[in-house]
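Single-structure report; data block below.
Where a number appears in this text, it was derived from the coordinates with a stated rule and is not lab data. All of these numbers come straight from a predicted model, not from anything done at the bench.
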Amino acid sequence: MRQVRTIIKRDGQVVPYDRGRITNAIFKATAASGGGFGFDEAEELSSLVEQRTAESYAEQILTVEDLQDIVESILMEKGRVKTARAYIIYRQKRTEVREAKRGAIEATDNIPYKLIYEVLRWNMEFGCDSIQGINKIIEAGNYPALVDACEARYLNECRAASQRMLEQGDETRLIIVAGPSSSGKTTTTIKMEETLSKQGKKLKALNVDNYFYDLERHPKDEFGDYDYETPQALDIELINEHLEKLLAGQSVKTPHYNFHTGERTLNVHEMHLDDNEILLMDCLHGLHSDMTRSVPDAYKFRLYIETLGQVRNGEDDFMRWADHRLLRRMIRDSWSRSHDPMLTLTHWHYVRKSELQYIIPFIGNVDFVVNSAMPYEYPILKDKLFDYLPKAIEVYRDNFKRQDAYLRAQRVMQFLNPLRTDVDESAVPSQSLFREFISGSDYSY
């Protein structure tokens, strides 16, 4: 049987995989839920978890999130519902204890609790902190007002980020807009440019997507799927060469990448940075140190974007940020890259793996964080994608190599199921960040 030897923690650390820790966690969970079985059965269940993990993730990098999902799935399959719930609570309490011991106040993916609390407080103020609340807003005919409120909040955060950058002075030569996939980096970059231009700052964007290697150079997995999500899919050496030349006042010719053909053409777009211009870099891996190693840190302003959604369902489970972004990307890939949404779903394990390795560990170095989550998105996301979820659950349920896709589809379907979808999409402004994903934007992407 294949073996999984390492696991990625939420802070990006890679540690040895240890089945004994799973056994102990399951045993403590069943004790907390009133017993029902002993240590021997806990060992049997952890053995099943290990088998499922090996079958599902031997060719991938396992994350703590993946492992917890499998443990809960196995417990549910074996009828241990109370133990499954106690297990999740147990894991959360252990996390809180670890954070308290080291004096850190952090939330999922290295985002400070204070910032998360501010997001939740805003959602509660506008009545959109739950599926039930959003349904009430729709029923009362107030959906357009919710759209306007979300858009205003996001735009104010973009303006605040611009002001923070201006406070750094004229030494800033490179603005890095970073964040995980489908967090809205491109639109945020445009909003930053609009705001800063009013302050006499001229900005010029470097399109990092054009630095992808030809698709034939990307590694494939056993399903023939390509990994766009790793920094190594980009020509990092050429990026740094061009950054250094541009900041030195020289001209470069950047490449062009065609996502439909998977081919790159070199020396296509001529680019020059004038003395009064600041370079903009919208990049998934902008915080990864190698990506901009040719530029001194003092010249950089690092902006981080994430969907810090704080919307819960009737069971007080919050929509996961990565699941929210998955839905965005399933729609965008369907019209911008001609990808079937099911393909995006099965590819998502690459996205999460890359985030934990190359993005999450560096969040502590950013200068400003923008929340791009719009609670009004969920009815539209459900309307466009909900029909794919039962199909994914049926197709991938017994395919242990596709457990990530199966579990995500199941989780998202359960979360969105009670949500109303009778909203008017035209309420979403043509310059909204959400238009980056559902199309119909005034901006060019």
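Using the Karplus relation 6.51 cos²θ - 1.76 cosθ + 1.60 with θ = phi - 60°, the per-residue 3J(HN,Hα) values for segment 249-265 come to x, 8, 8, 9, 10, 7, x, 9, 10, 9, 5, 6, 9, x, 10, 10, 10 Hz, with x marking Gly and Pro.
Ellipsoid semi-axes for segment 164-320, based on the Cα gyration tensor and the rule √(5λ), read 27, 25, 13 Å when sorted largest first.
Specify, per residue and in Å³, the volume enclosed by the convex hull of the alpha carbon atoms belonging to segment 348-445. Don't skip to the answer; put the middle values down first.
On the way: hull volume 14.2 nm³, N = 98.
Enclosed volume per residue, from the Cα hull, is 145 Å³.
For segment 288-406, evaluate the Debye formula with one uniform point scatterer on each Cα (no solvent term) and list log10 I(q)/I(0) at q = 0.17, 0.19, 0.21 Å⁻¹, rounded to two decimals. Result of the Debye calculation: -1.02, -1.18, -1.32. Taking every C-alpha pair closer than 8 Å and separated by at least 6 residues, the mean separation divided by the residue count of the chain gives a relative contact order of 20 percent. The phi-based Karplus calculation (6.51 cos²θ - 1.76 cosθ + 1.60; θ = phi - 60°) puts the 3J(HN,Hα) values of segment 364-379 at x, 9, 7, 9, 7, 10, 10, 8, 9, 6, 10, x, 5, 5, 4, x Hz, whole numbers, x for Gly and Pro. Using the rule -39500 (n - 2.57) for each DSSP H run of four or more residues, divided by the residues of the chain, the 222 nm mean residue ellipticity is -15000 deg cm²/dmol.
Taking every Cα-Cα distance in segment 242-314 and sorting them into 5 Å bins starting at zero, the pair-distance distribution P(r) comes out as 3, 11, 17, 19, 18, 13, 7, 5, 3, 2, 1, 0 percent. 3J(HN,Hα) along segment 233-247: 6, 9, 7, 5, 4, 5, 4, 5, 4, 6, 4, 4, 5, 4, 6 Hz, from the Karplus curve 6.51 cos²θ - 1.76 cosθ + 1.60 with θ = phi - 60°, whole Hz, x for Gly and Pro. Relative to the longest principal axis of the Cα atoms of the chain, the long axis of helix 113-125 makes an angle of roughly 90 degrees. One quarter of the convex hull surface built on the alpha carbon atoms of the chain amounts to 21.8 nm², the projected area averaged over directions.
Cα centroids of segment 405-445 and segment 115-138: 17 Å apart.
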